Amino acid sequence: MDKLLITGGNTLQGELRICGAKNAALPILAASLLCSDSVKICNLPHLKDITTMIELFGSMGIRLLIDDKMNLEVCANTILHLSAPYHLVKTMRASILVLGPLLSHYGEAEVALPGGCAIGNRPVDLHIRGLEAMGANITIENGYIRAQAKKLHGAHIFMDSITVTGTENLMMAATLAEGTTIIENAAREPEIYDLANCLIKMGAKIKGHGTSTITITGVPRLHNTHYTVMPDRIEASTYLIAAAATRGKVKVKDVQPEYLEAVLLKLKEAGAVIRCGDNWVELDMQGKRPQAINIETAPYPAIATDVQAQFCALNAVAKGTSRIKETIFENRFMHCQEMQRMGADIHLEGNTAIIHGVESLNAAPVRATDLRASASLVIAGLVAKGTTEIDHIHHMDRGYACIEENIAMLGGSIQRISA
Ligand code: UD1
């Protein structure tokens, strides 16, 4: 298993380009199952989760054409199996996104139940209940969700709690349903907006995406399109937070600054000088140590749970005491225990981490426990004295393309070794 070695102490400086958003690319790939024509998807990030989705499509018999720039053409009309097997779903929960499109287009689908994961319980009951409201007959047997419906129909769905992939699954399913579906208490994440725009380009009738009420009027079929995936706001945020923690100056390019607003406000509060252009953001700490900042994660437009761990690393070396409250996932503080091993002064009280910033961390062998935890440990390594060894970095490869190259380009000392 590969490991990362990071020698801390360098200030990150320079510019980098941000990739396509993993969390938009995955549902957009799933959306291609809604039509029999070919769908061309551009700006896909070079990530393990994307290759897992490609592998899943391959296992269904779907023909895929991919070029060296990761532009992918999906021809779903070659599909043979309407099934997502456990060995793929267990490595990537977002495989659940094929449930709605397969059911809606082909009248049946079988998807392994994702089960729990390191950051919490993560049920899919709201996906299932929404599809049932649209007329699906769903059973759960032998660890698989088995869904059937001759034709889904429109429904008025109230989501008990806000779910990103749940909203996406139901929105996709509704595009080919008979009649109108209204999803209330829908998630408002920019990735949902991007997916809706792709579906609209395929001929879907969707209104209200980006708000908490989405209205979808079913159409008989969707057609071919080509679509460019939006930039990854979590990847951009991660590099900006890393720059702030190392007291550096970094410009991220190919981003949509409007989707980074909550993170940028927090970074300003930490003492950063921020400049934005149409598609870039520059952060400058002017060599200063960051101020501690309080964070509470919540659905968009608030601070995303996917940047909570990175902010923990920043606060671990900030001036003052901060509180970080995690409201989305119940077990998303495992990075804190690893940072404690590096000398971070963090105390957990239920869903809140209380962090007393220290001047610097000390290198230690640490273990990445999930995707964003791995990014936070990279940041912790960059601000630690000595060489930190991060194990289990396969989590990081699920969501960060070329992180060693990018960090090294910005002046960080980082090396991947095969153990
Ligand atoms: C998506 C993102 C993930 C991010 C998360 C929260 C993708 C591929 N992944 O995950 O990176 O961390 O949103 O922003 O886009 N819940 C239920 N029942 C359900 C579904 C969800 O109770 O049927 C709960 C979950 O346990 C969790 C909360 O709702 O507490 C939010 O989860 P959800 O938005 O569904 O996360 P994902 O869509 O899996």
Just the residues that are closer than 22 Å to L4 by Cβ, at pLDDT 95 or above and among the small types (G, A, S), please, taken from region 315-366.
A316, G343, A344, A363, A364
Elements of type helices (runs of 4 or more DSSP H) in region 23-120, at least 2 residues being at pLDDT 95 or above
48-59, 99-106
Residue match in region 393-407 (condition: touching a Gly at 6+ places or on another chain (Cβ under 8 Å) and within 27 Å of L16 (Cβ to Cβ)):
no
Taking F158 as meeting all but one of (1) surrounded by fewer than 17 Cβ atoms within 10 Å (Cβ to Cβ); (2) more than 15 Å from the ligand (Cβ to nearest atom); (3) aromatic (F, W, Y), write down the number of the exception.
(2)
The residue that is farthest from the ligand (Cβ to nearest atom), considering only those in region 125-154 that are among the β-branched types (V, I, T) and surrounded by fewer than 18 Cβ atoms within 10 Å (Cβ to Cβ), is T139
Just the residues that are away from the ligand (no atom under 16 Å from the Cβ) and either in contact with an Asp or Glu (Cβ under 7 Å, 6 or more places away or on another chain) or in a loop (DSSP other than H, G, I, E, B) (or both), please, taken from region 304-354.
V317, A318, G320, R341, M342, G343, A344
List every residue pair whose Cβ atoms lie under 8 Å apart, where the two residues are 6 or more positions apart in sequence or sit on different chains, the first residue falls within region 296-310 and is more than 21 Å from A245 (Cα to Cα) and at pLDDT 95 or above, and the second residue, located anywhere, is near the ligand (Cβ under 8 Å from one of its atoms) and part of a helix (DSSP H, G or I).
P299/V164
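Conditions (1) outside any strand (DSSP E or B); (2) out of contact with any helix residue (DSSP H, G or I) (no Cβ under 7 Å at 6 or more places or on another chain); (3) touching a residue at least 60 places away in the same chain (Cβ under 8 Å); (4) away from the ligand (no atom under 13 Å from the Cβ), marked per residue:
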| site | (1), (2), (3), (4) |
| --- | --- |
| T167 | yes, no, no, no |
| L170 | yes, no, yes, no |
| T181 | no, no, no, yes |
| A186 | yes, no, no, no |
| L195 | yes, no, yes, no |
| C198 | yes, no, yes, yes |
Within region 220-252, which residues are closer than 10 Å to L12 by Cβ and acidic (D, E)?
none
Go through T211, T217, T246 for me and flag whichever is among the β-branched types (V, I, T), farther than 20 Å from A177 by Cα and in contact with a Gly (Cβ under 8 Å, 6 or more places away or on another chain).
T246
Can you report the number of residues in region 89-111 which are farther than 17 Å from L371 by Cα and within 15 Å of the ligand (Cβ to nearest atom)?
7
If you check E261, E330, E326, E269, which single one turns out to be buried (at least 17 other Cβ atoms within 10 Å of the Cβ) and either of a type outside the set (V, I, T) or under 29 Å from L44 (Cα atoms) (or both)?
E326
Are any of the residues in region 47-54 away from the ligand (no atom under 16 Å from the Cβ), over 13 Å from the mean Cα position of the chain (by Cα) and surrounded by fewer than 24 Cβ atoms within 10 Å (Cβ to Cβ)?
no
Test G218 against the criterion of being over 17 Å from the mean Cα position of the chain (by Cα) and at positive phi, and give yes or no.
no
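For every residue, the table says whether it meets (1) assigned to a strand (DSSP E or B); (2) within 16 Å of the ligand (Cβ to nearest atom); (3) β-branched (V, I, T).
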{"site": "V358", "(1), (2), (3)": "no, no, yes"}
{"site": "V366", "(1), (2), (3)": "yes, no, yes"}
{"site": "T369", "(1), (2), (3)": "no, yes, yes"}
{"site": "A373", "(1), (2), (3)": "no, yes, no"}
{"site": "A380", "(1), (2), (3)": "no, no, no"}
{"site": "I390", "(1), (2), (3)": "yes, no, yes"}
Residues of region 121-133 satisfying the condition of being part of a loop (DSSP other than H, G, I, E, B) and either more than 22 Å from the chain's Cα centre (by Cα) or of a type in the set (A, V, I, L, M, F, W, C) (or both):
V124
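The values are calculated or read from the model by the stated rules, or taken from the named source; none is laboratory data. Quick caveat, the model's predicted, so the values are computed rather than measured. Don't worry about glycine lacking a Cβ; one is built from the backbone with ideal geometry, like all the others, and counts go over all protein chains shown.
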